[in-house]
Amino acid sequence: MTKTPTLPTLTLAALLGACTTSPQAPSFSQQALPAAVQVPPGHKVVLETVGVGEITYECRAKSGADGQHEWVFVGPVATLQDRAGKSLGRYFGPPATWAHADGSALTGTQLAVAPAGAGNIPLQLVKANPATGTGVLNGVTHIQRVATLGGVAPAKACSAASLGQREIVRYQADYIFWKAA
């Protein structure tokens, strides 16, 4: 005769199973991205973050175009969060810098961009410089900016009367960090 487990036995078995389950590895797929911003083969995702913040633009004279003006990118400030909203670090610049709460940080150089739709800053592929500090960003070779929302230059006029004026625009983007496999 087999004995049916009691509720406390089942609960204990479920809890023990949960304790021995390893955390899932990041699962970002870049298949739907334009080729220009895809990370080269032979790399794996080590960290996925959501950057939520602001981009500052300044009204300046347009270079090489007398009497014309334009909004110029000054820099970003964003909190990097995990998918559950927990703060992991920050992103700021210039230069573009990703700083993790574990003390590791890196800068990078843009390799490519691709359109992300009206009203959204472009998708981006960045080549990472060697990280400082010890932590998760050590060994990162590439950073992708994907799933962008907002962040484009202001729609309001930039003219001689508004030279030097700054505008802050909200944005959000996923930053995916890659290492050689």
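Bear in mind these aren't lab numbers, they're just calculated from the coordinates by the rules spelled out. Keep in mind it's a predicted model, so treat the numbers as computed, not measured. Cβ coordinates were reconstructed from backbone atoms using ideal geometry, including for glycine residues, and neighbour counts include every protein chain displayed.
If only one of 72, 113, 52, 126 is under 13 Å from the mean Cα position of the chain (by Cα) and surrounded by fewer than 18 Cβ atoms within 10 Å (Cβ to Cβ), which one is it?
Unique residue meeting the criteria: 52.
In this structure, is residue 80 surrounded by 13 or more Cβ atoms within 10 Å (Cβ to Cβ), in contact with a Leu (Cβ under 7 Å, 6 or more places away or on another chain) and either more than 17 Å from residue 133 (Cβ to Cβ) or among the β-branched types (Val, Ile, Thr) (or both)?
Here the answer is no, as residue 80 does not meet what is asked.
Results for (1) more than 19 Å from residue 177 (Cα to Cα); (2) of a type outside the set (Gly, Ala, Ser), shown as yes or no for each residue.
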site: 33; (1), (2): no, yes
site: 47; (1), (2): no, yes
site: 52; (1), (2): no, yes
site: 56; (1), (2): yes, yes
site: 64; (1), (2): yes, no
site: 82; (1), (2): no, yes
site: 87; (1), (2): no, no
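Confirm whether residue 170 is under 16 Å from the mean Cα position of the chain (by Cα) and either surrounded by fewer than 19 Cβ atoms within 10 Å (Cβ to Cβ) or assigned to a loop (DSSP other than H, G, I, E, B) (or both).
Values: under 16 Å from the mean Cα position of the chain (by Cα): yes; either surrounded by fewer than 19 Cβ atoms within 10 Å (Cβ to Cβ) or assigned to a loop (DSSP other than H, G, I, E, B) (or both): yes.
In short, yes.
Pairs needed: first member in segment 94-118, touching a residue at least 12 places away in the same chain (Cβ under 8 Å); second member anywhere, exposed (fewer than 15 other Cβ atoms within 10 Å of the Cβ) and among the β-branched types (Val, Ile, Thr); C-beta distance under 7 Å; at least 6 residues apart or different chains.
103/134; 104/134
Among all residue pairs at least 6 apart or on different chains, which show Cβ distances below 7 Å where the first residue, located in segment 40-64, is without any contact (Cβ under 8 Å) to a residue 12 or more places away in the chain and the second is not in a strand (DSSP E or B)?
Matching pairs, first to second residue: 62/68.
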